[in-house]
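The values are calculated or read from the model by the stated rules, or taken from the named source; none is laboratory data. Computed from a predicted model, the values in this text were never measured in an experiment. Counting neighbours? That spans all protein chains shown, and the Cβs are built from the backbone with ideal geometry, glycine included. The accessibility values were calculated without ligands, DNA or RNA, using every heavy atom of the protein model including side chains. Shrake-Rupley method; radii C 1.70, N 1.55, O 1.52, S 1.80 Å.
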Amino acid sequence: MSFIPAPEPDTGRPATVRAALASPRALRTEVLAGLVVALALIPEAISFSIIAGVDPRVGLFASFTMAVTIAFVGGRPAMISAATGAIALVIAPLVMQHGLDYLIATVLLAGVLQIVLSLIGVARLMRFIPRSVMVGFVNALAILIFLAQVPYMVDVPWVVYPMIGAGLLVMFGLPRLTTVVPAPLVAIVALTFLTVAAGIAVPDVGDEGELPSSLPQWLIPDVPFTLETLQIIAPYAVAMALVGLLESLMTAKLVDDITDTRSDKTREGWGQGVANIVTGLFGGMGGCAMIGQTMINVKASGARTRISTFLAGVFLLVLVVGFGDVVAMIPMAALVAVMIVVAVSTFDWHSVRPATLRRMPKSETAVMAITVAATVLTHNLAIGVGAGVVTAMVMFARRVAHFTQVVVVDHPDEDTCVYKVVGELFFASSNDLVYQFDYAGDPQNVIIDMSESHIWDASTVAALDAVETKYRAKGKNVDIQGLNESSLHRHTRLAGNLGTGH
């Protein structure tokens, strides 16, 4: 039996790239989108490097190799992968305790794990993430993107604030006039020119850290290949693999919804693994899909193909290595304005409108709120999504548990009573099943009609065993009838073998 799931259709097949290459307008969109993303990636990659405790070049090279590699092997066209804050948070303790070489070994192992997990079908688990968790994920991400800009707006020269305002004005106003050039690119270029020409002293990209002056080099981690090393890096590699896959698959689904297309999630998963392996071999810190940069690429700039993803990586390397002095002059105010627009456009404002909240079931709103709260408090999307999914499962179990009914439907003679069980029976709904019968008052023969119910688990079989045991203790006969094929198979196999009923 094959454990490799059938591939989903890839709407971003090479024909889309060929169409972009054949259309000057579409190609211009892809090229300019890649440039905007590259400019926005630089300060973020440096910031994430600082969080992880590594040299800024480690984050910048990771962003370059991730973007270029995923452009070829990824399953979601136009999605941007690079060094991310979630991965930085996971690996920071490892770097602090064991250093860069162990980090590289961890990145390589995480890449292998992502390939294996993807090939055995982990992408299919996305179907179990409810819409309310997705909405919470998006809203939390928008909040985190905005909060990440706050440090750049505190204890800064007063002129930073009007510059941010001007950038916002350009990005909200320019698309009403023309979409020939991406508004974020215009804002970045205009504000950079203004600060340089007027000699305005404001924080710039150069203040974030030293930019590399050479190309990344092939690197094999200098760690002993022993069981002890594996014990050190394995927990971090597993966490990195899971967080990276979760963020990447959630982001891919979000882009699918925005572009009204469908992507190959399995390919995206193992593609992330391949990209992390390549990144590790070039001394990068690893990464995954970036929701903020992806929104800049897809929503703000209108990119739709792998060209923009590839060029984002290429432009990033060219800018930091070849034009580092120029890039260093970009004011952080311009990039803050870009990310604020991304945060605003990412947030699902419809989900928090009073009319929507009144109409939405309270359980759905609670799941969304818990997802947002857990994500924002921990700054970890994986924890937030996990909390949201668990909450949704508990809410669903409680709701479904009340759908089961046990009613008396017939008395064919004075010695017989017929009960009917209606609903889905599983661990939550079958808990009270044993208390729904009148063991002392019922006649000699009891028939339990299960034709309108379904047995889903061993807990239900154990509950039915307990019912039969209680009736037998009273010297009465029980006949369970009407089980469908699946329920009958489960009941026949497990009844009397679960150690209950005494």
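Go through the stretch 101-114 and give me each residue that's among the hydrophobic types (A, V, I, L, M, F, W, C) and either without any contact (Cβ under 8 Å) to a residue 60 or more places away in the chain or open to solvent by less than 20 Å² (accessible area, probe 1.4 Å) (or both). Within the stretch 101-114, LEU103, ILE104, ALA105, VAL107, ALA110 qualify.
Restricted to the stretch 407-465, and to residues there that are among the polar types (S, T, N, Q) and over 42 Å from the mean Cα position of the chain (by Cα), the residue that is modelled with the lowest pLDDT is GLN436.
Results for (1) on the phi < 0 side of the Ramachandran plot; (2) buried (at least 23 other Cβ atoms within 10 Å of the Cβ), shown as yes or no for each residue.
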| residue | (1), (2) |
| --- | --- |
| ASN297 | yes, yes |
| GLY302 | no, no |
| VAL314 | yes, no |
| GLY322 | yes, no |
| ALA343 | yes, no |
| PRO354 | yes, no |
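Take the conditions touching a Gly at 6+ places or on another chain (Cβ under 6 Å) and not β-branched (Val, Ile, Thr) and apply them to ALA92. Does it pass? The answer is yes for ALA92. Are any residues in the stretch 335-349 part of a helix (DSSP H, G or I) and modelled with pLDDT under 90, and if so, which ones? Within the stretch 335-349, LEU335, VAL336, ALA337, VAL338, MET339, ILE340, VAL341, VAL342, ALA343, VAL344, SER345, THR346 meet the criteria. Kindly indicate whether any position in the stretch 74-84 is assigned to a helix (DSSP H, G or I) and crowded, with 24+ Cβ neighbours inside 10 Å. Checked the stretch 74-84: no residue is assigned to a helix (DSSP H, G or I) and crowded, with 24+ Cβ neighbours inside 10 Å. Of all residues in the stretch 79-97, those satisfying the criterion of being of a type outside the set (A, V, I, L, M) and either under 17 Å from ALA142 (Cβ atoms) or at pLDDT below 90 (or both) are THR84, GLY85, PRO93.
Residue count for the stretch 383-441, restricted to those that are small (Gly, Ala, Ser), part of a helix (DSSP H, G or I) and surrounded by 15 or more Cβ atoms within 10 Å (Cβ to Cβ): 6.
The one condition from (1) of a type outside the set (Asp, Glu); (2) more than 23 Å from THR84 (Cβ to Cβ); (3) open to solvent by 10 Å² or more (accessible area, probe 1.4 Å) that LEU117 does not meet is (2).
When restricted to residues that are crowded, with 24+ Cβ neighbours inside 10 Å and closer than 17 Å to THR294 by Cβ, the stretch 226-245 contains 2. Of the residues making up the stretch 123-141, those that are farther than 16 Å from LYS362 by Cβ and surrounded by fewer than 22 Cβ atoms within 10 Å (Cβ to Cβ) are ARG124, LEU125, MET126, ARG127, PHE128, ILE129, MET134. The conditions of being at pLDDT below 90 and open to solvent by 30 Å² or more (accessible area, probe 1.4 Å) are met by PRO361.
Can you tell me which residue within the stretch 265-294, out of those that are outside any helix (DSSP H, G or I) and of a type in the set (A, V, I, L, M, F, W, C), is most open to solvent (accessible area, probe 1.4 Å)? If we take residues in the stretch 265-294 being outside any helix (DSSP H, G or I) and of a type in the set (A, V, I, L, M, F, W, C), then PHE282 is most open to solvent (accessible area, probe 1.4 Å).
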